[in-house]
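Novice: Input: one structure, supplied below.
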Amino acid sequence: MKALVTGATGFIGSYLAEALLKKGYDVTCIARSTSNLRWIEHLDLQYISCDLADIDSCAGQVRDFDYIFHLAGRTKATTEREFFSANAVCTDKLARIAAERNPGLRRFVYISSLAAAGPSNDGVPLKEDCEPKPVSFYGKSKLEGERAVLGYRGDMPVTVLRPSAVYGPRDADFLVMFRMVKRGVFPYWGEGLYSMLYVEDLVHAIILSAEKKEAENKTFFLSDEMVYTSGDIVGAISAALETKPLKIRLPLSLVPFVACVGEKINKKSIINSDKARELRFSNWTCDVGKARSELGFSSKTTLMEGVKWTADWYKIHRWL
């Protein structure tokens, strides 16, 4: 089986590329010539050197694949236009080429996000039949990417996945939280509820969704089926790092200011103005009943296990 993976140089994509190889797939990755290959350079992969914004120039190479996994996208940007260009426009271009050049394609899998659906406003974990109400530019752009992909379902079989917050070794976003806990101070602006998913469980779900006929032309939420409070997450990190951070209560009105400062310090930081739009809402949870019943998906990793493994990896690689 021939698989094409975009975003293979990133956190989730690198795990997916490795897992596909272990299952016997021939794996090709689309990557820029400037991409950092540190997580995948040891793997037996083939490459198409191309920026997705210029994918039309490489269309001849995007052909005869059995599976296409589209993970590449922008999670942090300073403008709405940047989000939509990467997550909607580029996704539409790739989907069009995939439909045109791969007549035997078994599945085009698009990795979206819970952010595309938005938060739960009634306290009940979201299901796939909910009306999407994204609150951030990132979420809105991922929803447009979903619509672009689903627009080609008459030409090729597609699946859309909406993972909740994903964490694990190699992840730079949750590293920010780990570092704050290690330093003994943690900002807190009210209790929230969150769905979480360990990266290797997500990769298992991605492959399931590609190989299962039941997933064709459908959308699925993904998480470990649990709902965690902010305190649960910080507690798990504290236990893994053997620290007891001081919780500093901040008014919600200060979140945009803190995000603005974080953005000025580092434009690639997860602490940014677009993320602040999501932090105004306290319930980011989803129901994975559909994935469980139709795909046979179940997570294997508890929060305590996943956080411990992540913390140990950060320590070994001197990220902490």
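Please treat every number below as a calculation from the coordinates, not as lab data. In this text the structure is predicted, and so the values were computed from the model without any measurement. Glycine gets a Cβ as well: all are built from the backbone with ideal geometry, and neighbour counts include every protein chain shown.
Novice: Could you sort out which of K133/K182; K127/K213; K290/K315; K22/K76; K244/K315; K2/K76 sit more than 29 Å apart by Cα distance in this structure?
Specialist: Pairs exceeding the cut-off: K133/K182; K290/K315; K22/K76; K2/K76.
Novice: Calculate for the chain the 222 nm mean residue ellipticity that helices alone would give, adding -39,500 (n - 2.57) per DSSP H run of length 4 or more and normalising by residue count, nearest 500 deg cm²/dmol.
Specialist: Theoretical 222 nm ellipticity from helices: -11000 deg cm²/dmol.
Novice: Pop a pseudo-label 7 angstrom from the Cα along the beta-carbon direction at both T243 and S85 and give the gap in nm to one decimal.
Specialist: It works out to 3.7 nm between the two label points.
Novice: Rounded to the nearest 20 debye, what is the charge dipole size of the chain about its Cα centre when +1 sits on each Lys and Arg Cβ and -1 on each Asp and Glu Cβ?
Specialist: Dipole size: approximately 820 debye.
Novice: Along the Cα→Cβ direction, 7 angstrom out, place labels at V135 and M180. What is the inter-label distance in nm?
Specialist: It works out to 1.6 nm between the two label points.
Novice: How fast does region 90-229 diffuse by Stokes-Einstein, in µm²/s, taking the Kirkwood radius from C-alpha pairs at 20 °C and 1.002 mPa s?
Specialist: 129 µm²/s
Novice: So who's got an amide H within less than 5 Å of the one on Y47, skipping anything under 5 residues away but keeping other chains? H placed 1.01 Å off N, in plane.
Specialist: So Y47 has HN proximity to C29.
Novice: Just how far, in whole angstrom, is region 1-50 from region 172-189 if you go by their alpha carbon centroids?
Specialist: For region 172-189 versus region 1-50, the Cα centre distance is 30 Å.
Novice: Under 16 Å Cα-Cα from K247, which aspartates and glutamates qualify once same-chain neighbours fewer than 8 residues away are excluded?
Specialist: Within the straight-line cut-off, K247 pairs with E191, D232.
Novice: Another question about this same structure. Let me check against my output: what whole-number percent is the relative contact order of the chain, with C-alpha pairs under 8 Å and at least 6 apart?
Specialist: 18 percent
Novice: Take the Cα pairs of region 53-148, get the Kirkwood Rh, then feed it into Stokes-Einstein at 37 °C and 0.692 mPa s and tell me D in µm²/s.
Specialist: For these conditions, the coefficient is 229 µm²/s.
Novice: Right, something else. In the Gaussian network model of the chain, springs joining C-alpha atoms below 10 Å, which of G145, G154, G168 carries the largest mean-square fluctuation?
Specialist: Evaluated over the chain, the most mobile residue of the options is G154.
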